[in-house]
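First up is the structure itself, then whatever we jot down about it.
The values are calculated or read from the model by the stated rules, or taken from the named source; none is laboratory data. Quantities reported herein were computed from a predicted structural model and do not represent experimental measurements. In this analysis, Cβ positions are derived from the backbone assuming ideal geometry, glycine residues included, and neighbour counts consider all displayed protein chains. Remember, those area values only see protein heavy atoms, side chains included, never the ligands or the DNA or RNA. Shrake-Rupley method; radii C 1.70, N 1.55, O 1.52, S 1.80 Å.
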Amino acid sequence: MTKDLIDILQLSRDDIDALIAKAGDIIDHPDAYAHKCDGKKLATLFYEPSTRTRLSFESAMYELGGNVIGFSSATDSSVSKGESVADTARTVECFADIIAMRHPKEGAPYVAAGKVDIPVVNAGDGGHNHPTQTLTDLLTISREKGRLSDMVIGCCGDLKFGRTVHSLLEAMSRYENVRFVLISPEELKIPEHVRTEVLEKGNIAFEETDSLENAMPKLDVLYMTRVQRERFFNEADYLRLKDTYILTPDKLEHAKEDLSILHPLPRVNEISVEIDKDPRACYFRQVLYGKYIRMALILSLLGVD
Ligand code: NCD
């Protein structure tokens with residue numbers, strides 16, 4: 001394992017498989033893990049809003065017997081006085097054993113990681129990457145489908161700014177016979193650097209379309225995403241694109257019986273609430289898997305057996 005987790009490609013397939021196995025063991029034997037991190041502290045440094053990621057990191061540490069310090073908004077800390085990410089990280093290192101950081105600027109957790117000796121986990125950096133969401137997604141797919149190879153995954157929505165999709169594409173280059181259908185309007189297609197550096201370099205099979213209906217019958221997994229309003233340069237573009245895809249029960253008519261519908265959440269309106277009762281809707285189970293995989297990751301980065 002690496003010291004930090006900034007990009008999912010720092011993990012080999014063996015690393016990922018070991019984390020998934022460890023999360024499975026935690027699910028089966030939670031009591032055995034209740035004191036593994038006694039006396040340890042996690043610092044959550046969140047410069048951008050979050051519900052699931054921060055709370056699941058914090059729950060993960062508490063369930064391991066550890067404690068949590070941190071801030072949930074840049075305005076609550078000396079960042080608002082102009083302190084650099086590097087100085088904040090060096091300060092927090094005096095108090096904590098591991099840092100989880102979310103930041104609107106791409107690369108900020110990487111900068112922090114270079115300044116401190118304790119592990120730093122990227123909890124989302126701008127439109128770039130979100131490796132622990134991807135670990136969550138991998139655990140979800142593996143538990144729901146029983147495999148991570150041999151499948152067609154449809155990613156639908158904002159593939160330009162959606163960092164969770166970028167990390168998921170990277171991770172799947174580790175598994176055999178995974179094909180992607182990338183479903184987005186022209187303006188929200190995956191960025192050029194992801195196409196060349198991730199898809200082409202990783203030899204990942206993919207096709208692009210703007211039609212969710214046409215893609216649906218092929219899919220084993222449908223990964224829905226919200227249009228990332230906060231990353232748009234102008235509101236008019238957001239308003240024009242925000243309702244491009246809305247998953248309603250009629251759209252599932254030609255879907256596979258064993259389709260798994262994932263969403264990193266938060267949902268705005270891209271999945272109708274009527275879908276929630278469909279057994280193929282995995283997104284709330286996915287939230288819970290996020291806690292277990294973060295428990296496994298914290299243990300691994302802290303070197304706790
Ligand atoms: C995602 C994120 O922050 O990138 N949310 C999450 O961490 N579960 C997805 C999103 O905000 O749309």
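Quick notes on this structure:
- For residue 43, residues with placed amide H under 5 Å, excluding near neighbours: 69, 97, 98, 99, 100
- The residue among 188, 211, 109 whose Cα reaches farthest toward the positive pole of the charge dipole of the stretch 102-225, with charges on the beta-carbon of Lys, Arg, Asp and Glu, is 109.
- Per residue, the convex hull spanned by the Cα atoms of the stretch 38-197 measures out at 134 cubic angstrom.
- Taking the empirical scaling 2.2 N^0.38 Å for compact globular proteins as reference, the stretch 217-305 has a Cα radius of gyration ratio of 1.36.
- Given charges at beta-carbon only (K, R positive; D, E negative), |dipole| of the stretch 67-143 in Debye: 100
- Hz values of 3J(HN,Hα) by residue in the stretch 86-103 - Karplus curve (6.51, -1.76, 1.60), Gly and Pro given as x: 4, 5, 4, 4, 5, 5, 5, 4, 5, 10, 10, 9, 7, 10, 10, 10, 10, 8
- Value of D in µm² per second that Stokes-Einstein yields for the stretch 42-109, Kirkwood Rh from Cα pairs, at 20 °C (1.002 mPa s): 175
- Dipole of the chain [Lys/Arg +1, Asp/Glu -1 at C-beta], most positive-end residue of 89, 12, 225: 89
- If you plug the beta carbon distance of residue 81 and residue 177 into 1/(1 + (r/R0)^6) with R0 = 35 Å, you get a FRET efficiency near 0.10.
- Ligands, DNA and RNA excluded, the heavy atoms of residue 179 present near 90 Å² of accessible surface to a 1.4 Å solvent probe.
- Net charge of the neighbourhood of residue 91, taken over other residues with C-beta under 12 Å away and scored Lys/Arg +1, Asp/Glu -1, is -1.
- Distance cut-off 30 Å, percentage of C-alpha pairs in the chain lying past it: 31
- Summed side-chain charge close to residue 185 - residues other than residue 185 whose Cβ falls under 12 Å, Lys, Arg +1, Asp, Glu -1: -3
- Among 27-37, 154-164, the peptide with the highest mean count of other Cβ atoms within 10 Å heads the list, and the full ranking is 154-164, 27-37.
- Cα-based helix-to-principal-axis angle, 52-63 vs the chain, degrees rounded to 10: 50
- Spin-label model, residue 186/residue 254: points 7 Å from Cα along the beta carbon direction are separated by 2.3 nm.
- Within the chain: Cβ-based charge dipole about Cα centre, in debye rounded to nearest 20 (Lys, Arg +1; Asp, Glu -1): 460
- Between helix 163-172 and the chain: long-axis angle, C-alpha atoms, 0 to 90°, nearest 10: 80
- log₁₀ of I(q)/I(0) at q = 0.16, 0.18, 0.20 Å⁻¹ - the stretch 5-133, Debye sum with one point per alpha carbon: -0.81, -1.02, -1.23
- Computed label-point distance, nm, for sites residue 209 and residue 246 using a 7 Å Cα→Cβ extension: 2.2
- Interchain or long-range residues, amide H under 5 Å from residue 3's placed H: none
- Environment charge at residue 12 (Cβ cut-off 14 Å; Lys +1, Arg +1, Asp -1, Glu -1): -3
- Hz values of 3J(HN,Hα) by residue in the stretch 269-285 - Karplus curve (6.51, -1.76, 1.60), Gly and Pro given as x: 9, 6, 10, 5, 5, 4, 6, 4, 7, 6, x, 6, 6, 9, 5, 7, 5
- Amide H within-cut-off set for residue 37, under 5 Å, with H built and near neighbours excluded: 65, 66
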